[in-house]
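A.B. asks: Quick one: this structure, given as structure tokens, is what I'll be asking you about.
The values are calculated or read from the model by the stated rules, or taken from the named source; none is laboratory data. In this text, all values refer to a predicted model and were calculated from it rather than measured experimentally. Here the Cβ positions follow ideal geometry from the backbone for every residue, glycine too, while neighbour counts run over all protein chains shown.
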């Protein structure tokens with residue numbers, strides 16, 4: 001049986017990167033439910049711990065190829081250590097893509113998401129793997145920071161710039177400890193050089209992450225907008241607690257929600273209804289910025305309305321704001337955190353309704 005498996009591996013060896021990439025990605029697709037799922041968070045912590053062990057062992061093997069013996073804990077699985085390492089990297093990176101994509105606004109975060117996807121794909125290319133353990137150290141430093149960026153807010157129950165800086169500092173300290181652990185037996189002549197080779201790429205990555213945060217292109221994980229729409233009226237059913245959303249959307253329009261084309265009559269009010277997912281015990285005040293497109297095609301901010309959200313609900317916290325003073329034109333509502341990082345956008349058009357016919361309401365229930 002072992003010989004048959006070995007022959008199959010040799011025959012399809014070039015497909016192994018794709019197989020392990022697919023396995024790691026599917027593992028996350030079927031196991032990821034919520035960003036505050038502690039079972040999954042423990043898995044990620046376990047993967048980060050195992051990856052650290054593998055990286056130190058791989059570094060030592062690269063330095064002493066002839067006489068190296070892996071740690072006893074890794075002896076039986078050491079022949080498959082590259083595949084296991086990249087399976088765990090693939091699982092971590094796919095988790096980041098899923099979580100950050102849910103929290104992303106494509107108007108600002110598309111570059112960061114693109115880099116995440118590129119990293120996930122590059123991790124599976126044989127040409128990249130040939131760069132060896134130094135590249136894996138750099139990839140690990142990115143995984144550490146990305147994990148702590150959303151893990152600390154989940155634990156703390158809030159999000160702000162202090163937690164982001166704390167995540168980078170904590171990841172940097174752990175990365176420094178890992179570099180020290182790998183190089184502690186180096187000769188004095190090589191110690192500083194090898195520590196720089198392993199540590200400087202991590203430092204560059206953390207500087208890029210810091211710049212991305214200051215430029216507001218990193219999605220505001222763990223928050224995510226699961227739904228957003230524009231309506232003529234929003235009411236809460238007193239009997240069953242359901243939210244009733246009134247729009248003039250045609251009955252056959254099943255592919256969209258609400259009044260993307262808002263027909264305005266005298267006395268109308270625009271309601272913006274959103275669902276925001278946040279972890280349990282999480283409190284935050286978001287802002288809904290209403291902007292109108294001018295003649296040059298630029299969206300000009302007209303108003304900002306705050307809304308408090310509370311985490312824990314599976315489908316997200318339900319809430320709405322309304323605007324009674326508006327004019328015809330192309331509008332956009334930006335759903336933002338307190339530090340003005342965009343969670344989501346809602347685009348709609350306002351037109352005057354010259355008809356006097358009775359309105360036929362389409363009612364959605366949430």
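A.B. asks: Can you name the number of the only condition in (1) under 28 Å from residue 97 (Cβ atoms); (2) buried (at least 17 other Cβ atoms within 10 Å of the Cβ) that residue 208 fails?
C.D. replies: Among (1) under 28 Å from residue 97 (Cβ atoms); (2) buried (at least 17 other Cβ atoms within 10 Å of the Cβ), residue 208 violates only (2).
A.B. asks: While we're here: Might you check whether a residue that is assigned to a loop (DSSP other than H, G, I, E, B), under 30 Å from residue 312 (Cβ atoms), touching a helix residue (DSSP H, G or I) at 6+ places or on another chain (Cβ under 9 Å) and modelled with pLDDT of 75 or more occurs anywhere in segment 52-74?
C.D. replies: Checked segment 52-74: no residue is assigned to a loop (DSSP other than H, G, I, E, B), under 30 Å from residue 312 (Cβ atoms), touching a helix residue (DSSP H, G or I) at 6+ places or on another chain (Cβ under 9 Å) and modelled with pLDDT of 75 or more.
A.B. asks: What number of residues within segment 265-286 are crowded, with 18+ Cβ neighbours inside 10 Å and part of a strand (DSSP E or B)?
C.D. replies: Of the residues in segment 265-286, 10 are crowded, with 18+ Cβ neighbours inside 10 Å and part of a strand (DSSP E or B).
A.B. asks: Tally up the residues in segment 270-322 that are more than 17 Å from residue 224 (Cα to Cα) and touching a strand residue (DSSP E or B) at 6+ places or on another chain (Cβ under 6 Å), please.
C.D. replies: Final tally of qualifying residues: 16.
A.B. asks: Which residue out of 165, 158 is surrounded by fewer than 21 Cβ atoms within 10 Å (Cβ to Cβ), in the same structural domain as residue 56 (by TED's automatic domain parsing) and not in a helix (DSSP H, G or I)?
C.D. replies: 158 is the lone residue from the list that is surrounded by fewer than 21 Cβ atoms within 10 Å (Cβ to Cβ), in the same structural domain as residue 56 (by TED's automatic domain parsing) and not in a helix (DSSP H, G or I).
A.B. asks: Could we say that residue 96 is in a helix (DSSP H, G or I) and at pLDDT below 75 here?
C.D. replies: No: the conditions fail for residue 96.
A.B. asks: May I pose another question? Out of curiosity, is residue 327 in contact with a strand residue (DSSP E or B) (Cβ under 9 Å, 6 or more places away or on another chain), over 30 Å from residue 162 (Cα atoms) and not in a strand (DSSP E or B)?
C.D. replies: Criteria met by residue 327.
A.B. asks: Test residue 202 against the criterion of being surrounded by 21 or more Cβ atoms within 10 Å (Cβ to Cβ) and part of a helix (DSSP H, G or I), and give yes or no.
C.D. replies: Criteria met by residue 202.
A.B. asks: How many residues does segment 219-258 contain that are at positive phi and crowded, with 21+ Cβ neighbours inside 10 Å?
C.D. replies: Going through segment 219-258 one residue at a time, the tally reaches 1.
A.B. asks: With respect to the numbered conditions (1) farther than 30 Å from residue 222 by Cα; (2) surrounded by 15 or more Cβ atoms within 10 Å (Cβ to Cβ), which one is the sole condition not fulfilled by residue 354?
C.D. replies: Residue 354 satisfies every listed condition except (2).
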